[in-house]
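Worksheet: one structure, shown below.
The values are calculated or read from the model by the stated rules, or taken from the named source; none is laboratory data. Worth saying up front: this structure is predicted, and the values here are computed from it rather than measured. Note that each Cβ is placed from the backbone with ideal geometry, even for glycine, and that neighbours are counted across all protein chains shown.
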Amino acid sequence: MAASLPPLTARPAWQALVAHQRQIGARQLAALFAEDPTRGERLTLEAVGIYLDYSKNRITQDTLVLLLQLAAESGLRGHIDAMFRGDKINLTEDRAVLHVALRAPRDATIFVDGHNVVPAVHAVQDKMADFAERVRSGAWRGHTGQRIRNVVNIGIGGSDLGPVMAYEALRYYSDRNLRLRFVSNVDGTDFAEATQDLEPAETLFIVSSKTFTTLETMTNAASARAWSLAGLGGERAAVARHFVAVSTNAEKVAEFGIDTANMFGFWDWVGGRYSLDSAIGLSTMLAIGPDNFRAMLGGFHAMDEHFRTAPFGQNLPVLLALLTVWYANFFAAQTVAVLPYEQYLKRFPAYLQQLTMESNGKHVTREGTPVEVATGPVYWGEPGTNGQHSFYQLIHQGTHLIPCDFIAFETSHNPLGRHHDILLANMFAQAEALAFGKTAAQVRAEGTPDWLVPHRVFEGNRPSNTLLLESLTPAALGKLVALYEHSVFTQGVIWNLDSFDQWGVELGKVLAQRIIPELEAPTLPPLGHDSSTNALIRRYHQKKRGQG
Ligand code: F6P
């Protein structure tokens, strides 16, 4: 498919966009709005319960036409169909990419290697639901017969960021009798602080690892097992009541000592950063219950269907992706800020960092040739209004162009006095200030002395999207996550990347495996690194042995 396409910068739409950007790139949003009083209503799209206002982008109708042409010339339709069909679009790992199958309805059929995977997906979901009900009802007891009150998810990357983000996002729906904790970092502080006030007899660990070989997770899992056994009289049988596993690797799970009857499986066609709605979501299901979890999957599926079927001009993920490409490649914007005005989404930017950057942080195309243009931008953010009092200064008056995604919900789960009105007023105000700024004349008219005027000018013309949803329900969360998943996919298609591998994480892992025994050796072995690494290792080793 992609191999027969012309290189990205040789595509007619790309070349037209280059010329178009020269014409309209400097145009002011203020002028675009003045020319068309309906712009704020026209450049919007409402679908599957999400209202997207993209009018505050530095685009005209012609920009949209050209970006949509670029999508078509990049073979987006074929790529979408290939993903949903179960083709092995993760070329470098020779795998299908089927997170969409995780939220497909029971009667759907999706084939991988001639085998319908949907029944297995639902069998795991049913097993998760059965287990979740038993823990939540108190039917599942710990080794000493006590009820489980604490659930600790041990995992990292996609086996942590999705679960912790979803738990925080849906906390309102969670069973407050269950305390959820998440341990990811190999820094012992993470485990120590997460467990310091927990009773082993009431604590269930979920060891979440696709591979069940990840150094951090296996180190934390071993410490958890030791902590559990120490607190439960050292009986190995206790492990079966206090540990379950989520993995694709039954052999390693059994080796660790977890009964594979208490293992929840998934498949190699689920990427780590796309695994939130697989069994990796077990902690989420324990917190919010199977019905809410299924409602979340329903939200994912609704967005999947929208992405698969909506014409590109009315397709939320496609529009978001094309706007990202527009700024990344035609305005040299290196980052995207994601700014949820919703405290429950406080971990959403961190979650998006893995989703976006592990997917599209690539320097070669699917064919292995160097990319011709900048690829995945850096995603970052914080909830509003907190960010306003730290980094917004740079977004408003700094020298970098930072496109922003504002996200908010029309109703709050915690409607406390004036809070929600104030929250939303701030978000609307920020997008307005970014777009329209404040001219020197306006500043002067306020009586500002001349010397201070430049400091108080806001150039404006800083683009943003605003996403409004009704309420942060499980379904809404599913829609939001799937929106970004498919946006990332679309960006990857335009850039002709394999968005589903992550070879860039390997080298550091391998080097760490070489350095660990050097740090642990009682006497320093001969070191063969560069002089900087050697010196750092030597210094640490000496301090550790009390020789420094
Ligand atoms: O190091 C990167 C990575 O492979 C991620 O892609 C993945 O989500 C994470 O590690 C955890 O992997 P696992 O679930 O196999 O422990």
Practice item. List the number of the failed condition for PHE212; all other conditions in (1) assigned to a helix (DSSP H, G or I); (2) within 16 Å of the ligand (Cβ to nearest atom) hold. Key: (1)
Check your understanding: Filtering region 178-191 down to residues that are closer than 12 Å to VAL152 by Cα and of a type outside the set (S, T, N, Q), which residue is farthest from the chain's Cα centre (by Cα)?
Key -> LEU178
**Study point:** Identity of the residue in region 140-164, of a type in the set (A, V, I, L, M) and within 13 Å of the ligand (Cβ to nearest atom), that ends up farthest from VAL505 (Cα to Cα)
**Key:** VAL164
Review point. Looking at this structure, is ARG225 farther than 22 Å from ALA132 by Cβ and away from the ligand (no atom under 12 Å from the Cβ)?
Key: yes
Point to revise | Hits in region 271-286 - residues which are of a type in the set (A, V, I, L, M, F, W, C) and near the ligand (Cβ under 10 Å from one of its atoms) | key: ILE280
Practice item. Mind counting the residues in region 215-236 that are more than 15 Å from VAL253 (Cα to Cα) and in a helix (DSSP H, G or I)? Key: 8
Practice item. With respect to VAL97, determine if the residue is in a loop (DSSP other than H, G, I, E, B) and either of a type in the set (A, V, I, L, M, F, W, C) or in contact with a Pro (Cβ under 9 Å, 6 or more places away or on another chain) (or both). Key: yes
Review point. Is there a residue in region 380-387 that is within 21 Å of GLN343 (Cα to Cα), of a type outside the set (S, T, N, Q) and assigned to a strand (DSSP E or B)?
Key: yes
Check your understanding: Which condition does GLU46 not pass, out of (1) surrounded by fewer than 16 Cβ atoms within 10 Å (Cβ to Cβ); (2) in a helix (DSSP H, G or I), if it passes all the others?
Key -> (2)
Check your understanding: Is it the case that region 201-209 has a residue that's in contact (Cβ under 8 Å) with a residue 12 or more places away in the chain, among the hydroxyl-bearing types (Ser, Thr, Tyr) and away from the ligand (no atom under 16 Å from the Cβ)?
Key -> yes
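Here is a yes/no grid of residues against (1) free of Cβ contacts under 8 Å to residues at least 60 places away in the same chain; (2) away from the ligand (no atom under 16 Å from the Cβ); (3) buried (at least 23 other Cβ atoms within 10 Å of the Cβ):
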| site | (1), (2), (3) |
| --- | --- |
| GLU446 | yes, yes, no |
| ASP450 | yes, yes, no |
| GLU470 | no, yes, no |
| GLU485 | no, no, yes |
Review point. What residue, among those in region 237-280 that are aromatic (Phe, Trp, Tyr) and part of a strand (DSSP E or B), is nearest to the chain's Cα centre (by Cα)?
Key: PHE264
Review point. From the list LEU323, LEU394, LEU319, LEU352, which one is among the aliphatic types (A, V, I, L, M) and either within 26 Å of ASP160 (Cβ to Cβ) or within 16 Å of the ligand (Cβ to nearest atom) (or both)?
Key: LEU352
Review point. Residues LEU394, LEU423: which one is in contact (Cβ under 8 Å) with a residue 60 or more places away in the chain and either touching a Gly at 6+ places or on another chain (Cβ under 7 Å) or over 25 Å from LEU17 (Cα atoms) (or both)?
Key: LEU423
Review point. Has region 508-522 got at least one residue that is farther than 19 Å from SER275 by Cβ, within 34 Å of the chain's Cα centre (by Cα) and crowded, with 23+ Cβ neighbours inside 10 Å?
Key: no
**Study point:** Leading residue by the ranking (surrounded by the fewest Cβ atoms within 10 Å (Cβ to Cβ)) among those in region 165-187 that are assigned to a strand (DSSP E or B) and more than 15 Å from the ligand (Cβ to nearest atom)
**Key:** ARG179
Practice item. Identify all residues within region 211-240 that are at pLDDT 95 or above and of a type in the set (Lys, Arg); write none if there are none. Key: ARG225
